[in-house]
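*Asks:* First the structure, which I've put down as structure tokens, then a few questions once you've had a look.
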Amino acid sequence: MQNQNFAYFIGIDISKSTFDVAILNEDRTTSYVFENSKKGTNAFIRLLKNQKIPLKDTLTCMEHTGVYGKLIIAKLVEKEASFCVEMPIKITKSIGLHRGKNDRVDAVRIAQYASKNVGQLKLYEPIPEILEKVRILLKIRRQLVNARADFNKYPNELELFSPEMGKLAKKNLKKINKNLTGEIERIEGDIKKLILSDDRLNKTIGLVTSVTGIGQITALHLTVFTSFFAKYDNPKQLACYCGVVPFEYTSGSSINRKS
């Protein structure tokens, strides 16, 4: 993050129904709870205005909580606020050993984390809308593929030990399989339309799939979750993010886990 002097640090701990806010100013911390809704996010911005806390002098930090954080993130983007969205494990590791846990305490710890690590934090950059649409369709496709696999697991196993019963099970699942396959193909068609509608996405997917062994679905996942490969500076960082780096885990002669 560019050198910037923030007078206030705000930590937000988000749950499904509410979000806790901790406002840190020098050594003074105040805490609030808001409803996780449009009404609640508006009340949060109104609180800052009433307390004369300018967004330009404030750094807000929150954990990545998926869909639960969409409303507050959208509001902060709208207000052009300086904020960051961090992975929970990164904040937990930075805090170190601590006792006790609740939403109010977590919000305070997030504010303290932002204050302590302001020089290393990166401001949030919204994912392009085209990638957000692709991400949603990929998730639905994955759910349908998993559902189809779950439906067919039992009849496939049954057929190994009782072919006649296995055929009966498959016969009764035939229509379901046909419908699921049709929906998967329809979603894949919508994804292809999105790719062709955006020059940048079309070019990126073309480049990625030119690598041997990388198909369109893998290419789309890589593109979406790296935001056009802009989130990482080198291949090692991306490999760590994907979880394919075999780090050693040994200690003395008693601890020798698989890498």
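The values are calculated or read from the model by the stated rules, or taken from the named source; none is laboratory data. Computed from a predicted model, the values in this text were never measured in an experiment. Neighbour counts are summed over all protein chains in view; Cβ atoms, including those assigned to glycine, are modelled from backbone coordinates with ideal geometry. Protein only, heavy atoms only, side chains kept; ligands, DNA and RNA dropped before computing areas. Shrake-Rupley method; radii C 1.70, N 1.55, O 1.52, S 1.80 Å.
Here's the yes/no breakdown for (1) assigned to a strand (DSSP E or B); (2) within 23 Å of F225 (Cα to Cα); (3) touching an Asp or Glu at 6+ places or on another chain (Cβ under 7 Å):
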{"site": "Q4", "(1), (2), (3)": "no, no, no"}
{"site": "V21", "(1), (2), (3)": "yes, no, no"}
{"site": "Y32", "(1), (2), (3)": "yes, no, no"}
{"site": "T41", "(1), (2), (3)": "no, no, no"}
{"site": "I45", "(1), (2), (3)": "no, no, no"}
{"site": "L48", "(1), (2), (3)": "no, no, no"}
{"site": "I72", "(1), (2), (3)": "no, yes, no"}
{"site": "C84", "(1), (2), (3)": "yes, yes, no"}
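*Asks:* Another question about this same structure. Any residue in region 52-76 that is closer than 19 Å to K90 by Cα sitting within a Cβ distance under 6 Å of a residue that is open to solvent by less than 10 Å² (accessible area, probe 1.4 Å) and aliphatic (A, V, I, L, M)? List the pairs, counting only those 6 or more apart or interchain.
*Replies:* Taking only residues 6 or more apart or on different chains, the pairs are L59/A114; T60/I10; C61/I110; C61/A114; M62/I12.
*Asks:* Identify the single condition in (1) over 25 Å from the mean Cα position of the chain (by Cα); (2) modelled with pLDDT of 95 or more; (3) among the hydroxyl-bearing types (S, T, Y) that S162 does not satisfy, given that it satisfies every other one.
*Replies:* (2)
*Asks:* Here's a follow-up. Confirm whether L160 is open to solvent by 80 Å² or more (accessible area, probe 1.4 Å) and touching a helix residue (DSSP H, G or I) at 6+ places or on another chain (Cβ under 9 Å).
*Replies:* Details: open to solvent by 80 Å² or more (accessible area, probe 1.4 Å): yes; touching a helix residue (DSSP H, G or I) at 6+ places or on another chain (Cβ under 9 Å): yes.
Yes: the conditions hold for L160.
*Asks:* Separate question: Does at least one position in region 2-14 carry a residue that is in contact (Cβ under 8 Å) with a residue 60 or more places away in the chain, open to solvent by less than 60 Å² (accessible area, probe 1.4 Å) and of a type in the set (F, W, Y)?
*Replies:* Checked region 2-14: at least one residue is in contact (Cβ under 8 Å) with a residue 60 or more places away in the chain, open to solvent by less than 60 Å² (accessible area, probe 1.4 Å) and of a type in the set (F, W, Y).
*Asks:* Residue check: is I214 among the hydrophobic types (A, V, I, L, M, F, W, C) and more than 30 Å from C84 (Cβ to Cβ)?
*Replies:* In short, yes.
*Asks:* Given the conditions (1) loosely packed, with under 11 Cβ neighbours inside 10 Å; (2) among the polar types (S, T, N, Q); (3) in a helix (DSSP H, G or I), which single one is not true for N179?
*Replies:* Every condition holds for N179 apart from (1).
*Asks:* If you check every pair at least six apart or on different chains, which have Cβ atoms under 6 Å apart with a residue in region 124-143 that is part of a loop (DSSP other than H, G, I, E, B) first and a residue that is not charged (D, E, K, R) second?
*Replies:* Y124/F83; Y124/C84; Y124/V85; P126/V77; I127/S227
*Asks:* Also, quick follow-up: Scanning region 219-254 for residues that are of a type in the set (V, I, T) and open to solvent by less than 70 Å² (accessible area, probe 1.4 Å), which turns out nearest to V134 (Cα to Cα)?
*Replies:* It comes out as V224.
*Asks:* Would region 15-27 turn up any residue that is small (G, A, S), surrounded by fewer than 19 Cβ atoms within 10 Å (Cβ to Cβ) and in contact (Cβ under 8 Å) with a residue 24 or more places away in the chain?
*Replies:* Yes, region 15-27 has at least one match.
*Asks:* Working only within region 118-136, note down all residues that are more than 17 Å from the chain's Cα centre (by Cα) and open to solvent by 70 Å² or more (accessible area, probe 1.4 Å).
*Replies:* Residue satisfying the conditions is Q120 alone.
*Asks:* Six or more apart or on different chains, Cβ under 8 Å: which pairs go from a residue in region 163-188 that's closer than 30 Å to Q216 by Cβ to one that's open to solvent by 80 Å² or more (accessible area, probe 1.4 Å) and part of a helix (DSSP H, G or I)? Could you list them?
*Replies:* What qualifies is L173/F151; I176/F151; N177/F151; L180/F151.
*Asks:* Right, something else. With S82, S115 as the choices, which residue is in contact (Cβ under 8 Å) with a residue 12 or more places away in the chain, within 16 Å of I23 (Cα to Cα), more than 20 Å from the chain's Cα centre (by Cα) and open to solvent by less than 70 Å² (accessible area, probe 1.4 Å)?
*Replies:* Answer to the check: S115.
*Asks:* Out of the residues in region 86-129 meeting the condition of being touching a helix residue (DSSP H, G or I) at 6+ places or on another chain (Cβ under 7 Å) and of a type in the set (V, I, T), tell me which one is farthest from E35 (Cα to Cα).
*Replies:* I95
*Asks:* Next question. Does I205 meet the test of being more than 30 Å from V245 (Cα to Cα), part of a helix (DSSP H, G or I), open to solvent by less than 30 Å² (accessible area, probe 1.4 Å) and not hydroxyl-bearing (S, T, Y)?
*Replies:* no
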